[in-house]
1. Can you give the accessible area per residue of the chain, in Å², using a 1.4 Å probe?
2. Please state the relative contact order of the chain as a whole percent: Cα pairs under 8 Å, 6+ residues apart?
3. Which of the listed residues, 61, 30, 51, is farthest toward the dipole's positive end in the stretch 19-62, when Lys, Arg count +1 and Asp, Glu count -1 at the beta-carbon?
4. Rounded to the nearest 10 degrees, what's the angle between the helix 127-140 long axis and the longest principal axis of the chain, both from Cα atoms, 0 to 90?
5. Identify which of 116, 69, 30 has the largest mean-square fluctuation in a Gaussian network model of the chain, with springs joining Cα atoms closer than 10 Å.
6. [x] 7.5; [y] 9.6; [z] 14.0: which one is mean projected area of the Cα convex hull in nm² as calculated from this entry?
7. Tell me, what HN-Hα J-couplings in whole Hz come from the Karplus equation 6.51 cos²θ - 1.76 cosθ + 1.60 at θ = phi - 60° for each residue of the stretch 79-92, using x for Gly and Pro?
8. Which of the peptides 15-25, 37-47 is most tightly packed, and how do the rest follow, judged by the mean count of other Cβ atoms within 10 Å per residue?
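The values are calculated or read from the model by the stated rules, or taken from the named source; none is laboratory data. What you are looking at is a predicted structure, and each value in this text was computed from that prediction instead of being measured. Don't worry about glycine lacking a Cβ; one is built from the backbone with ideal geometry, like all the others, and counts go over all protein chains shown. Each accessible area value is taken on the protein alone, full model and side chains, heavy atoms only, with ligands, DNA and RNA left out. Shrake-Rupley method; radii C 1.70, N 1.55, O 1.52, S 1.80 Å.
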Amino acid sequence: HLYDALDLMANLNLEVLPVLGEDDRYLGVITFREMAPYLGRLFAVHQRGGILVLDVPRNGYSLSEIGRITESENTKVLSLYLWAHPEGHVVWITLKLNAEDLSRVTAAFERFDYNIIRAYNKVEPIDDYRKNIDALMKYLNM
């Protein structure tokens, strides 16, 4: 499995992993370079959207609740992964979402007392705001 291959490569500091069949015959190799595109698809790297990182208690989180909160704002989870903080009793949950403006999703998580560590998103300026700025710049250039 991909996770087993990544675990071996990371723990043994390998860039090339030999693959053996059930009869211990050499079948070939897996390189990290070959895995990179698959990892990109796994983490939805090429899909547009924003990223939220939540800090939640290790024993006090529910993925179904996180999905419900996300979907209540008409947003879907494209990928998700967990990282258990080694020195504490918390888990960092990274969500790749299909929305670039995460303000509504962020507000929803804050209403449910989730601690948001980071939010990576692209917010487009409001059209009226842009028009006002353009009008001001035109006025200043007169």
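1. About 75 Å² of surface per residue is accessible.
2. About 22 percent, as a whole number.
3. So the residue we want is 51.
4. Result, in degrees: 60.
5. The residue that fluctuates most here is 30.
6. Here the calculated entry is [z].
7. 7, 8, 8, 10, 9, 7, 5, x, 9, x, 10, 10, 10, 9
8. Per-residue Cβ counts within 10 Å, averaged per peptide and sorted highest first, yield 37-47, 15-25.
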